[in-house]
Each structure stands twice: as structure tokens, then as C-alpha cells.
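To start, the structure itself, in C-alpha cells.
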Amino acid sequence: GGTFTISAPGVINGTTGEIDLTNSGLGTFTVYYNTNSAGNPCPNTDSVQVTITAAPIATFSYDTTHYCLDAANPILTFAPGASGGTFTSNPTTGISLNSTTGAIDLSTSSAGVYTIYNTIAASGGCAAAIDSTTIELLPVDDASFTYNPTTFCITGTNPIPTINGTIGGTFTISAPGVINGTTGEIDLTNSGLGTFTVYYNTN
């Protein structure tokens with residue numbers, strides 16, 4: 001039958017002691033209960049401290065959803081008010097993931113599709129929070145090719161390379177060399193004498 005009050009800016013129901021968490025905001029408050037009511041000749045007062053904490057937010061993302069394994073490492077961004085907890089992945093192997101920061105090392109990871117989780121444990125009276133995002137790590141093309149031999153007589157047969165890796169790329173040659181961009185066949189006569197660099201790009 002007494003009355004509840006709370007230190008500012010807390011909001012409380014004077015009769016039941018129910019605290020309005022949203023309108024009170026974050027912080028530590030002192031709640032008072034006073035039994036001084038009509039007909040009570042010996043009133044008394046007690047107080048307790050209560051703390052209202054922010055609910056954890058785990059929302060995060062990386063700067064894109066697909067990465068080549070030779071690319072710059074992903075950049076992690078948290079949503080406003082969010083923070084990192086413990087980062088895990090599914091599958092758990094194949095990706096080099098820092099469990100504390102969420103950083104991914106592409107150079108030591110394997111190609112595949114991974115779901116990354118950020119889990120913040122329950123604390124301060126708030127439930128646990130979890131968020132996830134899925135990324136795909138893509139293998140780098142194999143651009144290896146060879147000419148055999150690598151020295152040719154200008155009156156000989158035009159050499160054609162052997163592609164050891166990914167087919168369908170484009171060949172170029174340092175000037176004044178002349179090359180077939182699709183097959184890599186070098187036009188010896190029109191290239192002339194000299195040492196040339198041949199490039200193969202799988203893009």
C-alpha cells in the first residue's frame with residue numbers, strides 16, 4: 001500500500017513499482033518505496049538500485065558477397081549501435097576467420113560458400129543477439145601456359161602455346177610482336193627479330 005518513486009529520469013508506476021524501461025532510458029537508478037499511507041502510524045522507507053542496459057545489436061555485413069581468393073580482404077561493417085561478439089562460420093573449416101574481430105584472411109582460405117555468424121552472449125538482463133551473412137569465396141583462374149621451345153627461327157612455323165590452366169582468355173604480346181589474341185599463335189615474320197613478352201589474361 002505504499003508509494004514507489006524513482007530517481008530522474010526514470011519513469012515508474014507509483015502504485016505497483018513497475019518501471020517503464022523504454023521511457024526511463026539507460027543508466028542506474030534508485031527506486032524508493034515509502035509505506036507512509038493514511039492510517040499507518042509507523043511508516044518506513046527502503047530503496048534499491050536498478051540498472052537499465054542497452055540490448056545488444058549484432059547486425060553486421062561485409063563490403064560485398066563474393067571475393068576472389070587473391071583479392072583484398074573483406075571489410076566488415078557494423079550497423080549503428082551494433083558490436084562484435086563471437087564470430088563463427090558454417091562450414092567451420094576452409095575459411096580463415098578471426099573469432100574476435102570477424103576479419104577474414106582470403107590468402108589462407110579455400111573456395112566455397114560460408115555463412116558467418118556474430119553472436120553476442122546474454123548479459124545485463126538482455127537476451128543474446130545473433131546475426132549472420134553469407135559470402136562466397138571464388139578460386140583464382142590458372143593462367144599458366146607455355147611455348148615449347150621458347151626460341152624460334154623467323155622462317156620457322158608460327159608457334160602456338162599450350163594452355164595449362166583456364167581456357168578462353170586473351171593473348172597479347174609486347175610491341176612490335178604480332179599474335180593471335182585467341183590462340184596465342186605468334187606471327188614470326190611480322191613480329192621480327194627480338195625478345196618478346198607474351199601475356200595471357202583469363203578475364
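Write down Rg/Rh for the stretch 34-154, rounded to two decimals, with Rg from the C-alpha atoms and Rh from the Kirkwood relation over Cα pairs.
Computed over Cα atoms, the ratio is 1.48.
Carbon and sulfur atoms: what percent of the 1.4 Å accessible area of the chain do they account for?
Whole-percent figure for carbon plus sulfur exposure: 53.
Calculate, for ILE130 and SER96, the FRET efficiency according to 1/(1 + (r/R0)^6) with r their C-beta to C-beta distance and R0 22 Å; round to the nearest 0.05.
0.55
Give the accessible surface of the stretch 96-203 per residue, rounded to a whole number of Å², with probe radius 1.4 Å and ligands, DNA and RNA excluded.
For the stretch 96-203, the solvent-accessible area averages 59 Å² per residue.
For the stretch 98-203, build the convex hull from the C-alpha positions and give me its volume per residue in Å³. Walk me through the numbers on the way to the answer.
Numbers: hull volume 13.6 nm³, N = 106.
In the stretch 98-203, the Cα convex hull volume per residue is 128 Å³.
Express in nm, to one decimal, how much length is gained between THR182 and ALA72 on full extension, taking 0.36 nm for each residue of separation and deducting their alpha carbon distance. Don't jump to the answer; show the numbers that get you there.
Working: separation 110, 0.36 × 110 = 39.60 nm, distance 2.97 nm.
Answer, rounded to one decimal: 36.6 nm.
Using the C-alpha gyration tensor of the stretch 115-164, what are the square roots of 5 times its eigenvalues, in whole angstrom, with the largest one first?
The three semi-axes for the stretch 115-164 are 62, 8, 5 Å.
Largest first and to the nearest Å, give the Cα extent of the chain along each principal axis.
122, 30, 20 Å, listed from the longest principal axis down.
The values are calculated or read from the model by the stated rules, or taken from the named source; none is laboratory data. Everything quoted here is computed from the prediction, not taken from an experiment. Every residue, glycine among them, receives a Cβ derived from its backbone with ideal geometry; neighbour counts consider all protein chains shown. Accessible surface areas use protein heavy atoms only, side chains included; no ligands, DNA or RNA. Shrake-Rupley method; radii C 1.70, N 1.55, O 1.52, S 1.80 Å.
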